[in-house]
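Report on the structure given below.
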Amino acid sequence: MIFILAFVLVLYISYQLYQHFFPAPDVNPQGKYVLISGCDTGFGNSLAIELDKQGFNVFAGIYSNNSKATLTSQLSSRATVFLLDITQQQDIVKAYEMIKEKTNTLHALVNNAGVPAAGHIDWITVDSIRQIMDINFFGHVAMTKTFLPLLISKRDSRVVNICSVAGFISPPSGTAYCSSKYALESFSDCLRREMFAWSLHVSIIEPGVMRTPIIQKHSQSIHDVNIQLSADVKERWGEEFFTCHYEELKKNVLVKFAEDPIKVVRALQHAVTSTAPHIRYKPGWQSKLIYYPLSMLPTWLADIYFIKTRSSPIIPAGIKKQLKQ
């Protein structure tokens, strides 16, 4: 058994070294069209600019019209910047009709739009979970299903889905976000296997915490959860617990040492441009060296890690009440 494991490890290391020193060639960008959602800021914004520089014809979907002038000025005349809310089917259909007028073939669809979410299951509403799922999951499903005919009109096109370490490991207070990312991971795997005969590549990007505007949005999402707390939830957990919990989140070491988002952009570029894109990308040390190994541990060990690193030192008010009885 030890010999077999050692042989597999040697094969894996050899394969990684071969890929590093002898990478697959890139596709010719001329005449190829790429559709990206969520290009207002962050990964989508940077990817649109990079692919445009390489010569791709970029369709950059933005959520806010305030982003249009700035992004348009950073792109060439080949690019098209347009409003796109992936939770609205009429927006998706309008985008399809606009793109269909310009090309019958998409080289790549990059499902990038997304929002953060925080809060224990006892704190958040079912409606807020549905909203997160609409944006982070169902919106991407709708985009993929709508544009699939343009993708499979030629072989070797690809779908690239921005997931997260939250797609393979679930920290506390991640109910809505993790659920949406796990769902997108499963959807991606099914899509890849179902469309194998069409030679459609499906890549999944799984970064840790990156220095993007989503960190600020995460803080806002925590604030939003706090506002919508019901009276019984506040009584059950207690003001002292909530105050301590939010202070501990601000001190999160992995947020403090958030990584350079260019690592994710480079992974996205490879997934779009390589003739041999990977199935999964884990850009950054957090994803590779912390979260992925943690996800491979026995569940009880992972539980201990999160209890020790994420639990509040304050006992919820409801438990204090039980102990007194």
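The values are calculated or read from the model by the stated rules, or taken from the named source; none is laboratory data. Small disclaimer: the values here were computed from a predicted structure and weren't measured. Note: ideal-geometry Cβ built from the backbone for every residue, glycine included; neighbour counts use all protein chains shown.
So here's what we get for this one:
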{"read-out": "Qualifying positions in segment 193-206 - assigned to a helix (DSSP H, G or I), under 15 Å from Pro149 (Cα atoms) and not hydrophobic (A, V, I, L, M, F, W, C)", "value": "Glu194"}
{"read-out": "Residues that are among the charged types (D, E, K, R) and either at pLDDT 95 or above or exposed (fewer than 10 other Cβ atoms within 10 Å of the Cβ) (or both), drawn from segment 16-53", "value": "Lys32, Asp40, Glu50, Asp52, Lys53"}
{"read-out": "Unmet criterion (only one of (1) in a loop (DSSP other than H, G, I, E, B); (2) buried (at least 19 other Cβ atoms within 10 Å of the Cβ); (3) aliphatic (A, V, I, L, M)) for Ile121", "value": "(2)"}
{"read-out": "Ile13 out of contact with any Pro (no Cβ under 6 Å at 6 or more places or on another chain) and surrounded by 16 or more Cβ atoms within 10 Å (Cβ to Cβ)", "value": "no"}
{"read-out": "Qualifying residues in segment 276-296 (those that are in contact with a helix residue (DSSP H, G or I) (Cβ under 8 Å, 6 or more places away or on another chain), surrounded by fewer than 18 Cβ atoms within 10 Å (Cβ to Cβ) and not β-branched (Val, Ile, Thr)) - the one nearest to Pro207 (Cα to Cα)", "value": "Tyr292"}
{"read-out": "Residues (in contact (Cβ under 8 Å) with a residue 12 or more places away in the chain and more than 24 Å from Thr144 (Cβ to Cβ)) located in segment 103-127", "value": "Ala118, Gly119, His120, Ile121, Asp122, Trp123, Ile124, Thr125"}
{"read-out": "Qualifying residue in segment 303-322 (condition: touching a strand residue (DSSP E or B) at 6+ places or on another chain (Cβ under 8 Å) and loosely packed, with under 15 Cβ neighbours inside 10 Å)", "value": "no"}
{"read-out": "Helices (runs of 4 or more DSSP H) wholly inside segment 244-325 that include at least 2 residues being within 19 Å of the chain's Cα centre (by Cα) and modelled with pLDDT under 90", "value": "253-256"}
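Residues are listed down the side, and each one gets a yes or a no for (1) farther than 21 Å from Cys39 by Cα; (2) of a type in the set (Ser, Thr, Tyr); (3) touching a Pro at 6+ places or on another chain (Cβ under 8 Å):
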site	(1), (2), (3)
Met143	no, no, no
Ser157	no, yes, no
Ser179	yes, yes, no
His201	yes, no, yes
Ile204	no, no, no
Arg211	no, no, yes
Asn226	yes, no, no
Asp232	yes, no, no
Glu239	yes, no, no
